[in-house]
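Input: a single structure, listed below in structure tokens.
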Amino acid sequence: MQVAIPLYDGFTALDAVGPYEVLSRVPGAEMRFVGFEIGPVRTDNDQLALQVNAELEQVPEPDVICVPGGLGSRALLDDQRLLGWIRHAHDHSQWTTSVCTGSLLLGAAGLLQGLPATTHWLERDLLAELGARPVTERVVAQGKIVTAAGVSSGIDMALRLVQLMHGDVAAQAIQLSIEYDPEPPVDAGSPEKAPDSVVELVRTAAATRGEQPREVARRR
């Protein structure tokens, strides 16, 4: 099973690494980080880099696609090289998945027209503009497309994917192997649960960071 995770300047680290950690434990999995060119690609906080080991065109038809999100995703909503790769790969994939704002790229590629899908809660309106029907669920499976909400939900998505491919026991074994048993000290993991003041705090912080995608685009 070949799994391709496209990386781009400004992706969110956990969006890629969470599913990688789960799916890499499936026997026979071949994990490929693909991108515009071979070499390091930096995350949206510019403090970490992952290594692209194949250009997009070198992995044209993976079995599984996992598109991470991040601030840099907004700068790529009309990037035809990436969107064309997503469309072609999806035509041949067994599963097409996304984490956080990675679903915006699936939408921009035309894969989510009229379909229920999820993304980071701050970007549900934009997901709707790209043709999807945003829902609040943490993981949404629609045919062979599986979308996950913000950042940490990529782990849940990958475990769901293992369950769909190989059954409960395989998913349980991987969950146990990574000891994924979250017990957060607070219960504010969605806007429906968090206090209004915290929701507004995060909105304000996100608006401040919103200049970064244009900076990322200029670096490319």
Could you list, in sequence order, the residues of the stretch 90-125 that are farther than 17 Å from residue 11 by Cβ and of a type in the set (A, V, I, L, M)? 111, 112, 115, 117
Report yes if some residue within the stretch 47-61 is under 17 Å from the mean Cα position of the chain (by Cα), in contact (Cβ under 8 Å) with a residue 60 or more places away in the chain and farther than 24 Å from residue 170 by Cβ; otherwise report no. no
Residue hits (the stretch 34-76; hydrophobic (A, V, I, L, M, F, W, C) and closer than 11 Å to residue 8 by Cβ) are 34, 36, 41, 50, 52, 56, 67, 71, 75, 76
Selection within the stretch 106-147 - more than 25 Å from residue 194 (Cβ to Cβ) and of a type outside the set (A, V, I, L, M): 107, 110, 113, 114, 131, 142, 143, 144
Any residue that is in a helix (DSSP H, G or I) and within 16 Å of residue 7 (Cα to Cα) - is there at least one of those in the stretch 39-54? no
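Laboratory data are not the source of any read-out in this text; all were calculated from the coordinates shown. Only a predicted model underlies this, so the values are computations on that prediction, with no experimental measurement involved. Glycine gets a Cβ as well: all are built from the backbone with ideal geometry, and neighbour counts include every protein chain shown.
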